[in-house]
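Inspection log for the structure reproduced underneath, given as structure tokens.
The values are calculated or read from the model by the stated rules, or taken from the named source; none is laboratory data. Fair warning: this is a prediction, and the values are worked out from it, not measured in the lab. Counting neighbours? That spans all protein chains shown, and the Cβs are built from the backbone with ideal geometry, glycine included. Ligands, DNA and RNA are excluded from the accessible area calculation, which covers all protein heavy atoms including side chains. Shrake-Rupley method; radii C 1.70, N 1.55, O 1.52, S 1.80 Å.
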Amino acid sequence: MGDRIGAADRRRIGVVGYGAGGHFFHTPFIQAVPGWELTGVVTRSDDRRALLATEAPGVPAFDSLDALLDAGVDAVVITTPPETRQDLVLRALERGVHTVADKPFAPDAAAGRLLADAAARSGRILTVFHNRRLDTDIVTLRALITEGGLGDVWRVNSRFDLDDPATLETGPAHGLLRDLGAHLVDQMTHLFGPVARVDAHLDLTRIDGVEVDCGFVVNLHHANGVYTTVSSSKLNHLHEREILAYGSAGSYVSAMTDVQVRQLFSGLRPATHGSGWGVEEPARWGTLRTAAGPRSIPSAAGDYTQYYVQLLAAVRGEGPPPVLLTEALHTLEILDAARQSATEGRSVTLPLP
């Protein structure tokens, strides 16, 4: 499919880091977009280099970001651990390359604004990989709202519990709020716009002598009057996803699975799986309840590939990036406010972007 795209129409992109992020959540979706040429991957691990040779035959591995940039790229994806991410983003921008940063792209909003300033000086795109805007359940809910199935939306409760204690990391840029919380908050602001006020609670534990949040509940008062709640846990032996939405015309409940992640981990890839990619099985479709009675809502197709489709258009100067930097900064402001709210036991008001 990529051979039908002329070399002049392609853009070159590299990936820095080939752990779970680079391997599962970036490379397969870059490969699914014909206009991207995957130029190289930065990883020093022999095991990951062997995996790269299997997943992307012919794509070279590099020892450093600078070595990758020296090979010539239009864009680079920084998917290393949070403690190294900020410096690498700055270096890529200094070298004049469009940059995608995994979330959280900075440890707090102040650091995020420094990166935004660096992007402005470079004249290059800086965008954040908030791919979960394209989760199957969120895409389905968005379509239902757009079609007016709920009427005027009043409130939404989004719960994403994971029985996954081994992946809970410690450190100033870690914790579940900064990790999955960044995605869940972004999903709600993507659907309902900016947040004016935040109330939050954090579940705290100690790992290797370091206090870390292992669960959270964050209440978001959106500027347009919609009220949303996002919550998650990692240490409570619970693995469930649920969305409850209430509106003037009725309610909607969804318990869809993390469809694309399940497909990725089972070995499927978006470039080869066809129309079944990102579609939930009918037994788990959500239910809309209105005065006309309950109705099953068919699954829309979630597809993280669209992130890289939109990024390609932006690099070509044909549209905005998939996540605006102002949106990513607002997410960081909300996360900062959530921690402040939990620590001080009060609501925190935010300046609107």
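Would you please name the trypsin sites (Lys or Arg not before Pro) within the stretch 292-353 that are DSSP coil residues with at most 15 other C-beta atoms within 10 Å of their C-beta?
Working: sites: 295, 316, 339, 346; in loops: 316, 346.
Hits after loop and neighbour filter: 316, 346.
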Charge sum, other residues only, whose C-beta stays under 13 Å from residue 232's C-beta, Lys/Arg counted +1 and Asp/Glu -1 | -4
In degrees rounded to 10, the 0-90 angle between helix 325-344 Cα long axis and the longest Cα principal axis of the chain is 50
Inter-centroid distance (Cα atoms) of the stretch 285-329 relative to the stretch 131-176, Å | 12
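Quick one: pull the percentage of alpha-carbon pairs in the stretch 11-129 with a separation above 25 Å. Please list the in-between numbers first.
On the way: 1151 of 7021 pairs.
So the portion of pairs separated by more than 25 Å is 16 percent.
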Dimensions in Å of the stretch 303-348 - Rg and Dmax from alpha carbons = 15.9, 47
Given the rule -39500 (n - 2.57) for each run of at least 4 DSSP H residues, summed and divided by the residues of the chain, what is its mean residue ellipticity at 222 nm, to the nearest 500 deg cm²/dmol?
-> -9500 deg cm²/dmol
Read-out volume of the Cα convex hull per residue in Å³, candidates [x] 145; [y] 135; [z] 121; calculated match is [x]
What angle do you read, to the nearest 10 degrees and between 0 and 90, between the alpha-carbon axis of helix 109-122 and the longest principal axis of the chain?
-> 40
Descending Cα extents along the principal axes, the stretch 155-298, whole Å = 54, 42, 26
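What trypsin sites (Lys or Arg not before Pro) in the stretch 33-113 are in a loop by DSSP, with at most 15 other Cβ atoms within 10 Å of the Cβ? Walk me through the numbers before you get to the answer.
Numbers: sites: 44, 48, 49, 85, 91, 95, 113; in loops: 44, 95.
In loop regions of the stretch 33-113 (DSSP not H, G, I, E or B), the sparsely surrounded trypsin sites (Lys or Arg not before Pro) are 44.
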Please work out the average accessible area per residue across the stretch 11-129, using the 1.4 Å probe convention, and give it in Å².
-> 38
The distance between the Cα centres of the stretch 78-114 and the stretch 217-277, in whole Å, is 26
Nearest-ten-degree value, helix 136-146 long axis tilted from longest Cα axis of the chain = 60
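If you roll a 1.4 Å probe over the chain with all protein chains in place, what percent of the accessible area is carbon or sulfur?
Values: 7750 of 15160 Å².
Its accessible area is 51 percent carbon and sulfur atoms.
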